[in-house]
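Reviewing the structure listed below.
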Amino acid sequence: MRNIRQFLVLCLALISVAAASWAASKSQPEFDKIKSLAGDWEGKSAGGNPIHINYKLVSGGTAVMESILESSDAQMVTLYYLDGDHLMMTHYCMANNQPRMRADASTSSPRDIKFTYVDATNLSGPNAGHMYAHSIMWKDADHVTQHWTWREGGKDKVETFELQRKN
């Protein structure tokens, strides 16, 4: 009887471990890459303006909060998170809208995560200015390049940030 109980406990433990691995998101490796950014970063925009970015794991590690400070007037927050099998982001913009983007597996690679527009809250219309695409490219663990695409009136403008880890 004791051996049967031990066998059943072992089977339940194995099923629990298997179920946890089955439930893992297909985008977990990309999310882990975003998590690796935790800490302070600094660099310059294409226009030469200094930029400071902080990445912080929040909500028990289920989201990464990116705080962008380009100047005392230009502060924004982006949250990266998993939604089932998709890596998502919501950008809380100074333009008073909140675009949501999804990582595009067909154009991303292990060193480059590209996000494409899904929708936005508080967007006054389709031609109103909003962030439309975003990518993060890893040169190495301490150097990344970000490209942010702003769309307004059907025209795109890309802003590039070259960043290095501060600490």
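Read the figures in this text as sums done on the coordinates, not as results from a lab. These numbers were taken from a predicted model, which means no experiment stands behind them. Please note: Cβ atoms are built from the backbone with ideal geometry, for glycine as well, and neighbour counts cover all protein chains shown.
Considering only D119, D142, D73, the mean-square fluctuation computed in a Gaussian network model of the chain, springs between alpha carbons under 10 angstrom, is largest for D73. Rounded to 0.05, the FRET efficiency of the H147 and A24 pair, given R0 = 25 Å and the Cβ-Cβ distance, is 0.30.
Average projection, convex hull of the Cα set of the chain: 12.7 square nanometres. How tilted is helix 2-23 with respect to the longest principal axis of the chain? Cα atoms for both, answer in degrees (0 to 90, nearest 10). Tilt of helix 2-23: around 20 degrees. Could you give P(r) for the range 102-146, binned at 10 Å from zero, as whole percent values over all Cα-Cα pairs? All Cα pairs, binned at 10 Å, distribute as 25, 40, 26, 9 percent.
For the chain, the 222 nm mean residue ellipticity estimated from helices alone, with every DSSP H stretch of n ≥ 4 adding -39500 (n - 2.57) and the total spread over all residues, rounds to -6000 deg cm²/dmol.
Counting neighbouring beta carbons within 10 Å and listing from fewest to most, the residues E152, E30, E42 come out as E152, E42, E30.
Quick check for the range 102-167: number of Lys pairs with alpha-carbon distance under 20 Å, counting only pairs 8 or more apart or on different chains? Counting lysine pairs in the range 102-167 gives 4.
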